[in-house]
1. At 7 Å along the Cα-to-beta-carbon direction for both A:Leu236 and B:Glu50, put a label point, then send me their distance in nm to one decimal.
2. If I model a spin label at B:Val71 and B:Asn99 as a point 7 Å from the Cα along the Cα→Cβ vector, what separation in nanometres do I get?
3. Go ahead and run the numbers for FRET between B:Leu208 and B:Ser163, Cβ-Cβ distance against an R0 of 60 Å, rounding to 0.05.
4. For the pair B:His111 and A:Thr111, what calculated FRET efficiency results from E = 1/(1 + (r/R0)^6), where r is the Cβ-Cβ distance and R0 = 60 Å, to the nearest 0.05?
5. Please list 3J(HN,Hα) in residue order for segment B:181-186, calculated via the Karplus relation 6.51 cos²θ - 1.76 cosθ + 1.60 where θ = phi - 60°; whole Hz, with x for glycine and proline.
6. Please work out the Cα center distance from segment A:121-145 to segment A:25-86, rounded to the nearest Å.
7. Angle check, please: helix A:2-25 long axis (alpha carbons) against the longest principal axis of chain A (alpha carbons), in degrees 0 to 90, nearest 10.
8. Between the DSSP loop rule and a limit of at most 11 other Cβ atoms within 10 Å, which chymotrypsin sites (Phe, Trp or Tyr not before Pro) in segment B:120-222 are left?
Amino acid sequence: MMSLLKNTISCWRTHGLQGSCIQSHMRILFAGIKTYDIPPDYSDVVLPDKPKLKFLNKVPNFKKAKKEKKKLRDIQGPAQAANTFTVGSYAIVALGGGYIHWGHIEMIRLTINRKMDVRSTFAKWRINAPYKPITRKGLGQRMGGGKGAIDHYVTPVRCGRLIVEVGGRVELGEVEPILTEVAKKLPFPARVVSRESLAAMHAEQAEKEQNNQNPWTFREVACGNMLGIRKVLSPLDLHNHGRFTGKFHLPGRV
Amino acid sequence: MAATLCGTLLAKPGWLPLTQCVRVRHMSKSVTRHRRPMHIIKQKLMAVTEYIPPKRLAAGAYPPQNQKVEVESGLVLLLKKEVKKVFQDCKMIAVVQNNASNSEDMLTLRHRLHKHSLTVKFFPNQVMRSFLKDSEFCNMAPLFIGPTVLIVSKQGKVKEMLSTLRGSPQMVLLGACIDDTLLSAQGVQHYSKLPSVSVVQGELVSGLTLLSSRTASLLQHHPARLSALLQQYVSQQGAPATEPRPQEGEGEGAAA
């Protein structure tokens, strides 16, 4: 009888202890205020018939393939074409010049086509199929004997050009991982942008140019040929104002 | 800039451009893998023409260009109304930081405070700040950081509040607004040590009456003692003075 009573008392005690433990871990809960964002309106989005990225030819079908000079100018400086959005709302933008090979194009195409949701998303190329011939001499060949044979074709890309556009009934968070994965593998620095962030980038650059506190600007010094500085500047510097060296973009300059 | 460029660019006295052997290779420039090394003068030019951001203006000097228009929800408006009512009605509003006190502690504290008709009020800090921003209590706004609660009373029962808070170490007094006066925690302590208004008034009245009663009692003394006192007063005052009569009269008048 006594043992039973003892048991019950000990049980009670342990329960009481547990209760106090739980109470000591309790916090006073405050009622917060939560306002939900209005979901984006996709009523004006029209998906194209073929939402996936098209296959791009590895070799252009010319009747007679012609060897070309290096023409490095086509990767130098800022992009003049395809630097704004057309139909999509998210894109990969190049932050430097470079050549895209057919292998890169296939990588982009396969990755994006495999991972994007075809029912709600579409993708579109903003670059052409490889058209610039690159020549190589055969392995173990002696130097001389003229220009080598055409080895492969590439697509030149300038800084600020969009590579791929993605649009549809999606938000940036859904397509960003796919595009980032692709952008990391490109042969030049590239970033994922949306329409807003690209506009913000341009606005920031314009604002920097306007509010620069430095009285000496590259444009004035170079265009005015102060102290004969043009001797050490390239002709492209007159257009680019020191924001590019070759294919490289120098961020933070105006 | 001119100085740096002059030193390198301007011709030296014996410099002849045609005889100088300029080693410039015009071929093989097509390096695209890395940046070509920049000419030293171009490097200097790049360094001189770097972007300098505008200096930051003092905060609030100009109104922000993109002002957010926030629509306050109904709950916020309701809470603001309650806060306003509290600030109108209550004589004492103390702000107390609530450092992880559990519900049991809070319950006991509220019970103890309730004995002295003190109330604990919970308001979200956002609501408090948006209320204080427009009101005359705007200087209280820095107190509302972190988990804070209000202890309010319609009569300023500061002593009771302090004695109750002494029993609960997880509640830290930050400051208070008593009779439209902002007080720090130290100030509240000092305020609680002050005697009540009636006691102070009594002291003042007694001090004032003491003087007149003493004068009256002096006048009721024997005339010989009174004249002796006056003579002593005159002799004390007479040393620097030339005519003692008016001073005596004055002294008498003052005594009367």
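1. Each label point is offset 7 Å from its Cα along the Cβ direction, giving 2.4 nm.
2. 4.3 nm
3. The value I calculate is 0.95.
4. Numbers: r = 65 Å, r/R0 = 1.08.
That pair, A:Thr111 with B:His111, gives E of 0.40.
5. My calculation for segment B:181-186 gives 10, 7, 10, 7, 4, 4 Hz in order.
6. If you average the Cα positions of each part, the centres end up 24 Å apart.
7. Roughly 30 degrees between the two axes.
8. Working: sites: B:Phe122, B:Phe131, B:Phe137, B:Phe144, B:Tyr191; in loops: B:Phe122, B:Phe137, B:Phe144.
In loop regions of segment B:120-222 (DSSP not H, G, I, E or B), there are no sparsely surrounded chymotrypsin sites (Phe, Trp or Tyr not before Pro).
Every number in this text was worked out from the coordinates using simple rules, so none of it is lab data. Since we're looking at a predicted model, the values are computed, not measured. Cβ atoms come from the backbone with ideal geometry, glycine included; neighbour counts cover every protein chain shown.
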